[in-house]
């Protein structure tokens, strides 16, 4: 028998020796999946959440050309993109999934609500899937690895599409009892989790209400619903999904990891710093993902502001020794889909930026 570390729980698991080659194959139930699969109605609902905003985005250009896009719509869309996007990155991801900081009760609930406005699933479902992703990153069991079908271009093309959005339709559901017992034990978070559908309605129709009252017209309500509701959600969805697909396929490897997570600079602003994905997988509990010089990380800045206000504490900021240990003497840089090696040891400036 051998022992292997469980990266999620920090405990050591015992694995049995390999069975003889002629032994019958016995497939036990997967302990990380729920006994019941998602229903057809649930998968249809996912399709509505994914498909309707995508159709809105496809219609956006001719719609804008023929009917107009007002600055009211831009302001409302930007505010809701910022609120719901940071609800996912700061709340769902860095706080609930990885415990990068501790938050006071009011902010804890607010972060769960804000993340729900992104329409990416209830908080406990999202966190369970992501914790499972980290446990099996780019290996069997990862819910959305782009490498699941192989390394050649055909397999990778299929894998990228699966990792980007098709994984959402997988009927196998991640076990919340295994991956999120802490959230299931919190009655406040369970209430927010149960209120996901009403919060979806808020995310879609509150922009329309604001737009209608701001412009005092039905036209203002309809354009705000389209741009600050449907189009904003679609854009945020694809940015988030790109972390699963693009950031596990292309980009820079600035830190040593056991999977294929990469840093993608051009996604950094739209993703609020989430696309500095290579460091995140090298040090998942770190509150800042863009820890090197010049790496913009808006989510980390928001956490910093919360800390200054006294709303969060015990923030896990980047540690110089930990960064240096994970930083190779040379780093892999992306070049047109290929990679090249470049000498780039961590510098004092990098450490200061972290």
Inset, instruction - With respect to residue 78, determine if the residue is over 19 Å from residue 168 (Cα atoms), part of a helix (DSSP H, G or I) and modelled with pLDDT of 95 or more. - result: yes
Legend entry - Filtered residue count, the range 258-309, keeping only those that are touching a residue at least 60 places away in the same chain (Cβ under 8 Å) and on the phi > 0 side of the Ramachandran plot: 2
Inset, instruction - Could you tell me whether residue 128 is surrounded by 18 or more Cβ atoms within 10 Å (Cβ to Cβ), in a helix (DSSP H, G or I), touching a residue at least 12 places away in the same chain (Cβ under 8 Å) and touching a strand residue (DSSP E or B) at 6+ places or on another chain (Cβ under 7 Å)? - result: yes
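Okay, residues lined up against (1) under 18 Å from the mean Cα position of the chain (by Cα); (2) in a helix (DSSP H, G or I):
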site	(1), (2)
83	yes, yes
86	yes, yes
96	yes, yes
120	yes, no
142	yes, no
154	no, yes
171	no, no
Inset, instruction - Name every residue in the range 98-113 that is part of a helix (DSSP H, G or I) and surrounded by fewer than 22 Cβ atoms within 10 Å (Cβ to Cβ), in order of residue number. - result: 105, 106, 107, 108, 109, 110, 113
Inset, instruction - Considering only the range 253-354, give the helices (runs of 4 or more DSSP H) lying wholly within it that have at least 1 residues that are out of contact with any strand residue (DSSP E or B) (no Cβ under 9 Å at 6 or more places or on another chain) and modelled with pLDDT under 90. - result: 320-326, 348-353
Legend entry - Complete set of residues in the range 265-311 that are over 25 Å from residue 108 (Cα atoms) and surrounded by fewer than 22 Cβ atoms within 10 Å (Cβ to Cβ): 265, 266, 267, 293, 294, 295
Inset, instruction - Would you confirm whether any residue within the range 82-89 is farther than 22 Å from residue 239 by Cα and surrounded by fewer than 17 Cβ atoms within 10 Å (Cβ to Cβ)? - result: no
Legend entry - Segments classed as helices (runs of 4 or more DSSP H), wholly inside the range 177-224, with at least 3 members that are surrounded by 14 or more Cβ atoms within 10 Å (Cβ to Cβ) and either touching a residue at least 12 places away in the same chain (Cβ under 8 Å) or out of contact with any strand residue (DSSP E or B) (no Cβ under 8 Å at 6 or more places or on another chain) (or both): 187-194, 196-215, 218-224
Inset, instruction - Please state which one of 133, 93, 72 is at pLDDT below 95 and buried (at least 16 other Cβ atoms within 10 Å of the Cβ). - result: 72
Inset, instruction - State all residues of the range 238-252 that are touching a strand residue (DSSP E or B) at 6+ places or on another chain (Cβ under 8 Å) and either surrounded by fewer than 21 Cβ atoms within 10 Å (Cβ to Cβ) or farther than 21 Å from residue 157 by Cβ (or both); if no residue qualifies, say none. - result: 250, 252
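The values are calculated or read from the model by the stated rules, or taken from the named source; none is laboratory data. Bear in mind that the values here come from a model prediction, so they are computed numbers and not experimental data. Cβ atoms come from the backbone with ideal geometry, glycine included; neighbour counts cover every protein chain shown.
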